[in-house]
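The values are calculated or read from the model by the stated rules, or taken from the named source; none is laboratory data. All figures in this text were calculated on a predicted structure; none of them were measured in a lab. Methodologically, a virtual Cβ is constructed for each residue, glycine included, from the backbone with ideal geometry; neighbour enumeration extends over all protein chains shown.
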Number of protein chains: 2
Amino acid sequence: MPKLVDHEERRKIIAKATWNVIAREGLGGASVRSIAKEANLSLGAVRHYFQTQEELLEFAMQLVEEQVTERILKHLQSSLPPKEQVLNILMELITPEEKKVEMQVWLEYVSYKIRKKELQKESVHETISEILHRLKKAGLLKEEIVLEEEIVFLHALIDGLALHILMGLVPIERERIRYLLKKELDRIFVE
Amino acid sequence: MPKLVDHEERRKIIAKATWNVIAREGLGGASVRSIAKEANLSLGAVRHYFQTQEELLEFAMQLVEEQVTERILKHLQSSLPPKEQVLNILMELITPEEKKVEMQVWLEYVSYKIRKKELQKESVHETISEILHRLKKAGLLKEEIVLEEEIVFLHALIDGLALHILMGLVPIERERIRYLLKKELDRIFVE
């Protein structure tokens, strides 16, 4: 019997190899060849998932988004009150431990898309937008809140924090950051 | 008489060529050769300023910082009240028109430094930190303000906004962003 390939498993192995190469050498150093070497697979096996550097980056980013979405869904399925859920999601988006490589892939992706002038959607932006729209619909936000402005504000804060933690520029503790974000949510939530 | 080279002028020409190449092709596509071609200069003339890709990036970033610092100093020398000055500086830091290329260089620089684990200082962070320390010293900030936390908060907000404007994710007008930042300053300034 021929050996069966577990495609989902292999896809993840190649994604992690791709992330590692991007994290170590940047997009400039990432090629089908270098990733095949990192994953200990043949060129052909890797080419099945992407062939050009652009496809490589889309592939790597897609897996980052899937992973982040999965973690967010877990928070949304918890039985905590909405404000706690949102706070946990925001912390999830800025916590750097498992996120370090994800953020590096994201940085390369953003740089690339800005260069090519073809950035259309961004997953964290969509997540924050959707959460705030849902909260508004559920009547959980103050009347005077301008949704469009709060999305811009909260998204800027979250991405700025995530980036600066990654850069080593944030000397305050995780619990204190959580407290600051909670104050922001207190500002927009009804009592 | 031999032709004299205006070093300051040439330095700027090479910096702009370097920015253009990075903005167009990313750090991966930037080499002494490609920059010499962009600047219409000999390899030797460019090598006078940098020889390796790392030096190239440091050179490009240094010129970005000089330019930003110059613009900030102009605001500090104005005769406007402190809060207005600070607001103008914050807007300066996020305005993307002339900043687009600067931000692209900055993104490549940050990615590179994170990869090499050698980021130590960051100029916008230092600017915001210094401004808030000065305001505190001048007695212009509320008693209860925790400086360390406000630096983290304001810096995250500014860099997040700058990045998202560059990414085309900010649908609200410049004047509205100014208003949101003013509200943030109102929160920390004494009446």
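Report whether or not residue B:4 is touching a residue at least 24 places away in the same chain (Cβ under 8 Å) and not in a helix (DSSP H, G or I). Answer is no for this residue.
Summed over segment B:114-164, residues that are within 12 Å of another protein chain (Cβ to nearest Cβ), more than 17 Å from residue B:68 (Cβ to Cβ) and among the basic types (Lys, Arg) total 3. Any residue at all in segment B:111-124 that is at pLDDT below 95, under 30 Å from residue B:55 (Cα atoms), small (Gly, Ala, Ser) and touching a Leu at 6+ places or on another chain (Cβ under 7 Å)? Yes, segment B:111-124 contains at least one residue that is at pLDDT below 95, under 30 Å from residue B:55 (Cα atoms), small (Gly, Ala, Ser) and touching a Leu at 6+ places or on another chain (Cβ under 7 Å). Just one of the listed residues (B:117, B:183, B:113) is exposed (fewer than 14 other Cβ atoms within 10 Å of the Cβ), without any contact (Cβ under 8 Å) to a residue 24 or more places away in the chain and farther than 30 Å from residue A:146 by Cβ, namely B:117. Set side by side, the residues A:98, A:84, A:38, A:54 differ, and just one is modelled with pLDDT under 90 and more than 14 Å from every other protein chain (Cβ to nearest Cβ), which is A:98.
Results for (1) in a helix (DSSP H, G or I); (2) surrounded by fewer than 18 Cβ atoms within 10 Å (Cβ to Cβ); (3) more than 11 Å from the chain's Cα centre (by Cα), shown as yes or no for each residue.
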site	(1), (2), (3)
B:33	yes, yes, yes
B:44	yes, yes, yes
B:54	yes, yes, yes
B:57	yes, no, yes
B:61	yes, no, no
B:70	yes, yes, no
B:75	yes, yes, yes
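Cβ-Cβ distance below 7 Å, separation of 6 or more or different chains: which pairs start in segment A:13-27 with a residue that is within 14 Å of another protein chain (Cβ to nearest Cβ) and without any contact (Cβ under 8 Å) to a residue 24 or more places away in the chain and end on one that is in a helix (DSSP H, G or I) and surrounded by fewer than 22 Cβ atoms within 10 Å (Cβ to Cβ)? These pairs meet every condition: A:21/A:29; A:21/A:34; A:21/A:38; A:24/B:115. Apart from one condition, residue A:166 fits all of (1) in contact (Cβ under 8 Å) with a residue 40 or more places away in the chain; (2) surrounded by 14 or more Cβ atoms within 10 Å (Cβ to Cβ); (3) out of contact with any strand residue (DSSP E or B) (no Cβ under 6 Å at 6 or more places or on another chain); (4) over 30 Å from residue B:25 (Cα atoms); the exception is (4). The condition of being in a helix (DSSP H, G or I) and surrounded by fewer than 18 Cβ atoms within 10 Å (Cβ to Cβ) holds for only one of B:126, B:144, that being B:126. Among the residues of segment A:165-174, those identified as more than 7 Å from chain B (Cβ to nearest Cβ) and part of a helix (DSSP H, G or I) are A:165, A:174.
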